[in-house]
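Working notes, beginning with the structure itself.
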Amino acid sequence: MTTTGTGADAASSPEIVTDHDRGIHGYHDQKQEHLKRLRRIEGQIRGLQRMVDEDVYCIDILTQVSASTKALQSFALQLLEEHLRHCVADAAVKGGDEIDAKVKEATQAIARMLRT
């Protein structure tokens, strides 16, 4: 995180530039790990398609649906944690309306996750 500005104005009210301002998201450091995880989930979904195509017993398919759903939920929780640690924390440093907006955004995301 850095500050920018020049002259007397910069000394009295420096502008805070966060990673979020630079387009760096909370998941950035774990991007490759997340992609690997999503590829595994994608494989699970393809497996479901194969199971239906091969007329596998309904309960066996439902068991795999449950496993895929749990994998996506786990991924979503990890991403949410990273969002809170990074994006919301950056907004807290800036203060003002930005923190309120980020908290509201995170709260809405959590509400959507709970509805599924």
*asked:* Where the second residue is of a type in the set (D, E) and outside any helix (DSSP H, G or I) and the first is without any contact (Cβ under 8 Å) to a residue 12 or more places away in the chain and more than 15 Å from H34 (Cβ to Cβ) and lies in the range 75-96, which pairs have Cβ atoms under 7 Å and are six or more apart or on separate chains?
replied: none
*asked:* Tell me the residue from R39, R50 that is more than 15 Å from the chain's Cα centre (by Cα) and within 25 Å of D29 (Cβ to Cβ), please.
replied: R39
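Values in this text are rule-based calculations from the coordinates and carry no lab data. These numbers come from a predicted model, not from an experiment. Here Cβ is always computed from backbone atoms with ideal geometry, including for glycine, and neighbour counts include all displayed protein chains.
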